[in-house]
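Notes follow once the structure below has been shown.
The values are calculated or read from the model by the stated rules, or taken from the named source; none is laboratory data. Everything numeric here is computed off the predicted structure, so don't read it as measured data. FYI the Cβ positions are ideal-geometry reconstructions off the backbone, even for glycines, and counts take in every protein chain you see. Remember, those area values only see protein heavy atoms, side chains included, never the ligands or the DNA or RNA. Shrake-Rupley method; radii C 1.70, N 1.55, O 1.52, S 1.80 Å.
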Amino acid sequence: MGLWFETRVSDSPWVDSVWTCTSGRVTTMTSVAGVRLGLVFWEQDGAAFAAVTGPETRTGTAPVPEGAVFTGIDLAVGTSLRMASTANLLDGGITLPDTSRRTFRLDGARWETPGPDDAEALVERLVRAGVLDREPLVADVLRGHRPDVSQRTVERRFRTATGLTRGAVRQIERARTAAHLLAAGALAADVAVEIGYFDEPHLARALRAYVGRTARQLREGAGGAIALDVGQRLTS
C-alpha cells in the first residue's frame, strides 16, 4: 500500500523531470516542499483530471485519490505561466476544467493530454504558443553565475519568476537532496557534512519543515505515503 513512483530526468531546458505514480490503498500522503511549477494529469474510476501545481514552501498532509494513476511534469525552476503569476500559485494550484482522457484546457485553448513519453512535446507546444515563459536569470544564478545587475534586481526578478527567494529555493532543494541520500541509506551525520548543514540538529529541523520525516524514518522507509520518489526508480 502507498505510492509507487517512476521518475526520469529530462534533457529539455524547460522541464526538470517527468514522473508517473500509482496510488493503492492510501487516502493521504505527506506533501513535500518543492520549488517548481508542475502539470499533473491523472485518471481515477474512468474519469480524467488535470491541474497546475505551484511551489510548496512547507510539508503537510494532502489527500490522495485512491487507485489513481498520475503523470506529472515538473517544470524547470524559473518557468512561469502566462495566465497566472507563480506567486499566486504558491502553496496551491489550479484545477483545470473540461478535462478528458484525450484533451485538457489551459490558458483558453485545448491541448492533447500527454503520456510520460509526450511530456516534452507538450511543453514545446505550450512554449511556442506563449503559454509558458522562463526567466533565464534564475538558471544563471542557480548555476553560480553573477548577473551584471544589482543584487536587489536579482532578488526581485528571482522572486517574480519563482515565487520564492533564492534562500528559500536553496533550503528546500537541500532538504530534498538530504531526503534522497538518507532514503538510499546514508547516515545523517554524513549527509549533514556532505551537503553543508551546520550539524545534525540543523538537518533534522530542515527535514521536519520541508520533508515531514525524520532521518530515521527516511532510512527505514517509515511514516506512510510521501510525495517524493525516495527509494524509487530513476531513469534518464
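Within segment 89-119, track down each residue that is among the β-branched types (Val, Ile, Thr) and open to solvent by 50 Å² or more (accessible area, probe 1.4 Å).
Of everything in segment 89-119, just one residue is among the β-branched types (Val, Ile, Thr) and open to solvent by 50 Å² or more (accessible area, probe 1.4 Å), namely Thr95.
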Do we find a residue being of a type outside the set (A, V, I, L, M, F, W, C), closer than 30 Å to Thr61 by Cβ and either touching a residue at least 40 places away in the same chain (Cβ under 8 Å) or not in a strand (DSSP E or B) (or both) anywhere in segment 125-147?
-> no
Hits in segment 4-29 - residues which are in a strand (DSSP E or B) and either within 23 Å of Ala139 (Cβ to Cβ) or open to solvent by less than 20 Å² (accessible area, probe 1.4 Å) (or both) = Thr7, Arg8, Val9, Val15, Asp16, Ser17, Val18, Trp19, Cys21, Ser23, Gly24
Which residue pairs have Cβ atoms under 6 Å apart, sit 6 or more places apart or on different chains, and have a first residue in segment 48-76 that is under 20 Å from Asn88 (Cβ atoms) and a second that is polar (S, T, N, Q) and modelled with pLDDT of 95 or more?
-> Ala50/Thr99; Ala51/Thr95; Gly60/Ser31; Ala62/Ser31; Asp74/Ser17
Which of (1) open to solvent by 70 Å² or more (accessible area, probe 1.4 Å); (2) within 30 Å of Pro63 (Cβ to Cβ); (3) of a type in the set (Lys, Arg) is the odd one out, the single condition Arg152 does not satisfy?
-> (2)
Under the condition of being in a loop (DSSP other than H, G, I, E, B) and within 19 Å of Gly38 (Cα to Cα), which residue from segment 157-198 is most open to solvent (accessible area, probe 1.4 Å)?
-> Thr165
Filter result for Arg36 (within 15 Å of Leu132 (Cα to Cα) and open to solvent by 20 Å² or more (accessible area, probe 1.4 Å)) = yes
Matching residues in segment 199-230 - criterion: being open to solvent by 50 Å² or more (accessible area, probe 1.4 Å), in contact with a helix residue (DSSP H, G or I) (Cβ under 8 Å, 6 or more places away or on another chain) and under 18 Å from Ala168 (Cβ atoms) = His202
